[in-house]
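Asks: Handing you a structure now.
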Amino acid sequence: MRGVVRMHLRVQDNRVEDDNNAFSTTFQYKVEEGPAVIEHYGLKLARLASLPAEVLNRAKEVAMSLSELEAKGRDSTASHAMIKRRKLLLELRCKLQQIIQRSETDNETLAQTLGDLQRDSLDEFTKTFQAVVQ
């Protein structure tokens with residue numbers, strides 16, 4: 001989504017290497033961009049805080065549901081970007097065919113037209129890739 005920035009509180013994972021189930025964390029009191037490094041660490045912290053089982057179970061359901069929605073959104077954005085790229089390629093093909101049909105154009109004008117088309121196409125393709133990355 002435009003205008004939305006994903007951020008998290010930086011934490012240090014203090015797991016003991018031989019026991020991946022033992023979870024402890026140290027808050028660094030710093031806000032950073034991007035998703036949290038430890039998946040669902042809020043659920044793990046809630047467990048450490050000894051919240052009631054009903055609360056933990058409901059929180060897990062909500063977290064899983066949100067994860068599924070996020071994955072669908074990523075897939076949807078990637079699909080939309082691919083459709084947009086295909087449309088851009090078809091439009092580019094059409095424009096190039098029109099240029100070929102108007103072959104009476106002098107070389108200087110043709111070079112300028114092709115340069116403009118290249119720049120504009122590259123800009124549009126770059127936008128489709130940036131939309132997926134965000």
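The values are calculated or read from the model by the stated rules, or taken from the named source; none is laboratory data. All values derive from a computational prediction rather than experimental measurement. Neighbour counts are summed over all protein chains in view; Cβ atoms, including those assigned to glycine, are modelled from backbone coordinates with ideal geometry.
Results for (1) within 30 Å of Leu110 (Cα to Cα); (2) at pLDDT below 80, shown as yes or no for each residue.
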| residue | (1), (2) |
| --- | --- |
| Asp13 | no, yes |
| Thr26 | no, yes |
| Leu45 | no, yes |
| Met64 | no, no |
| Ala71 | no, yes |
| Ala78 | no, yes |
| Leu89 | yes, no |
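Asks: With the condition being out of contact with any strand residue (DSSP E or B) (no Cβ under 8 Å at 6 or more places or on another chain) and hydroxyl-bearing (Ser, Thr, Tyr), I'd like the helices (runs of 4 or more DSSP H) fully within segment 27-134 carrying at least 1 qualifying residues.
Replies: Working: elements: 41-48, 53-101, 107-133.
Helices (runs of 4 or more DSSP H) meeting the threshold: 53-101, 107-133.
One line per residue, one yes/no per condition, for (1) surrounded by fewer than 12 Cβ atoms within 10 Å (Cβ to Cβ); (2) at pLDDT 80 or above:
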position	(1), (2)
Pro35	yes, no
Ile38	no, no
Lys60	no, yes
Glu68	yes, yes
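Asks: Listed residues Lys44, Lys72, Lys95, Lys87; which is basic (Lys, Arg), touching a helix residue (DSSP H, G or I) at 6+ places or on another chain (Cβ under 8 Å) and without any contact (Cβ under 8 Å) to a residue 24 or more places away in the chain?
Replies: Going through Lys44, Lys72, Lys95, Lys87 in turn, the sole match is Lys95.
Asks: Taking Ala59 as the residue in question, decide whether it is of a type outside the set (S, T, N, Q) and within 22 Å of Leu9 (Cα to Cα).
Replies: Considered against the rule, which asks whether it is of a type outside the set (S, T, N, Q) and within 22 Å of Leu9 (Cα to Cα), Ala59 comes out as yes.
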